[in-house]
1. What dipole magnitude, in Debye to the nearest 20, does region 279-332 give about its Cα centre under +1 on Lys/Arg Cβ and -1 on Asp/Glu Cβ?
2. Using mean Cβ contacts within 10 Å as the protection proxy, how do 234-244, 193-203 order, highest first?
3. Based on the mean of other Cβ atoms within 10 Å per residue, sort peptides 433-445, 267-279, 7-19, 354-366 so the most packed one is first.
4. Quickly work out the Lys38-to-Ala322 label distance, labels modelled 7 Å from Cα along the C-beta direction, and quote it in nm with one decimal.
5. Taking Cα centroids, how far is region 53-122 from region 376-450 in Å?
6. With r as the distance between the Cβ atoms of Met1 and Leu266 and R0 = 35 Å, compute the FRET efficiency 1/(1 + (r/R0)^6) and round to 0.05.
7. In what order, largest first, do Glu204, Glu253, Glu319 sit by accessible area if the probe radius is 1.4 Å?
8. For region 352-400, with every protein chain kept in place, what is the accessible area per residue (1.4 Å probe, Å²)?
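The values are calculated or read from the model by the stated rules, or taken from the named source; none is laboratory data. Predicted, not measured: the structure shown is a model, and the values here were computed from it. For neighbour counting, all protein chains shown are included, and Cβ atoms are generated from backbone atoms with ideal geometry for every residue, glycine included. Calculation scope for accessible area: heavy atoms of the full protein, side chains included, ligands and nucleic acids excluded. Shrake-Rupley method; radii C 1.70, N 1.55, O 1.52, S 1.80 Å.
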Amino acid sequence: MFQKVLVANRGAVAARVLRALRTMGLRSVAVYSDADGKASYLAMADETVHLGAAEPAASYLNQDALLAALRRTGADALHPGYGFLSERADFAQRVIDAGVAFIGPSPRWIDAMGHKTRARALMARHGMPMARSSAVLDGDPAAALRAAEAIGFPVLVKPANGGGGIGMLAAADAAALEGALERARSLAARSFGNAELYLEQLMERPRHIEFQMLADRHGHARHLFERDCSVQRRHQKVIEESPAPRLPRAAVEGTAQQMAGILETLGYDVIGTVESLYGASGAFQFLEMNTRLQVEHAVTEEITGIDLVIAQIRLAAGERLAEVLPPDIAVRGHAIEARIYAEDPVRFYPSPGTLKVLRFPAGSGIRVETGYAEGDTVTPYYDPMVAKLIVHADSRDAAIDRMVEAIGATAIEGVRHNLPFVLQVLQSAAFRAGDVHTGIAADVLAAQRR
């Protein structure tokens with residue numbers, strides 16, 4: 001097992017990983033930028049290292065600074081969290097080349113799954129159902145139009161190396177395609193350093209269902225059921241829950257087992273999440289695979305009792321899956337997570353500022369994950385997520401009621417936040433009935449304007 005782990009991230013995920021390391025009795029190193037020098041979670045670490053200026057390129061994306069921090073502290077492992085460098089194969093390889101363990105999948109899997117079209121081709125060869133899509137576009141507008149027509153409009157323009165919904169733009173017809181390609185190419189180049197795009201069939205109001213996977217370095221993989229992440233704004237998740245409502249359990253668990261079998265055959269390792277769309281056809285269609293801990297991992301932890309961060313660390317240290325997980329894992333009750341963002345609740349523009357008041361409820365079935373404390377500042381440099389509010393109850397209805405009550409007991413002042421929007425979704429007839437899909441957020445906002 002590792003002796004000292006450097007957490008190469010910030011905010012809620014840094015706090016979450018530091019807590020797991022303390023539980024395991026492992027020494028920890030936290031890193032910080034100029035903007036995060038007074039962050040409350042830094043006190044959880046045994047050591048802290050200043051990386052650089054507030055801008056991500058000078059701090060949390062600065063590979064040289066992070067490698068220097070590893071050398072300075074003598075850490076023998078690095079946990080990347082999520083976002084930033086967590087899915088950069090080149091960074092993972094540099095960490096390993098420095099003689100330090102990377103707590104995540106092997107670089108070859110980060111690379112293989114990081115390029116969306118290659119990942120789709122790989123999974124298709126192993127029997128995973130796919131929505132219609134194109135190869136990487138070569139920049140020729142005529143060729144892009146032919147590809148779109150072969151798929152059938154409407155299509156979704158997507159960065160081949162993207163994530164987080166950035167650069168994903170819909171094109172309803174040929175007239176809209178050229179502008180969508182231009183905008184998506186610019187966003188992809190700016191956000192991911194790679195302007196490659198591809199086209200995908202745009203499903204009308206599908207469910208976004210993802211499957212949590214764990215695997216060891218000895219050829220074994222298992223699933224920990226699914227999460228429904230259909231409530232999104234601008235292709236970014238806002239509310240996640242498990243189990244997915246109004247889906248046949250046999251089909252869900254059969255698909256999860258199929259995916260675990262594919263990963264086992266491939267020799268995938270440590271942790272990952274297979275994302276899919278579920279449409280009117282009644283089939284799960286592969287979307288992409290994230291080779292890291294997910295933001296919404298707590299939902300799975302609540303229904304299974306498995307600490308995914310500790311499991312990830314143990315698997316990265318070489319332990320076998322049978323040592324990390326119990327032989328039988330069952331779904332227990334229902335869990336819902338709401339992401340709390342410092343943003344306008346209608347237009348979703350970031351709202352940086354000082355958290356003059358930040359108070360969350362406590363009690364049975366309520367969990368809060370945050371990297372902030374009252375008096376801290378939400379800066380414009382990073383993702384504006386303030387916290388994740390997670391509830392667990394015996395049934396979905398009870399979980400919704402508990403979440404509504406928990407939101408009512410949450411107090412945030414100093415920044416605008418999205419809780420009014422989250423509350424509207426939770427209290428909508430469609431969500432309560434389990435009629436969730438990727439268009440439900442737009443429906444709720446449209447109803448609000450009427």
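1. Numbers: 4 positive and 8 negative charges, 21 e Å.
Roughly 100 debye for region 279-332.
2. Values: 234-244: 21.8, 193-203: 19.5.
Ranked by mean Cβ neighbours within 10 Å, highest first: 234-244, 193-203.
3. Working: 433-445: 17.8, 267-279: 22.4, 7-19: 25.7, 354-366: 14.4.
The most tightly packed comes first, giving 7-19, 267-279, 433-445, 354-366.
4. With each label placed 7 Å out from Cα toward Cβ, I get 5.4 nm.
5. 32 Å
6. Values: r = 26 Å, r/R0 = 0.75.
Result of the calculation: an efficiency of 0.85.
7. Numbers: Glu204 135, Glu253 75, Glu319 45 Å².
The most accessible residue leads, giving Glu204, Glu253, Glu319.
8. Numbers: 2080 Å² over 49 residues.
Per residue, region 352-400 has an accessible area of 42 Å².
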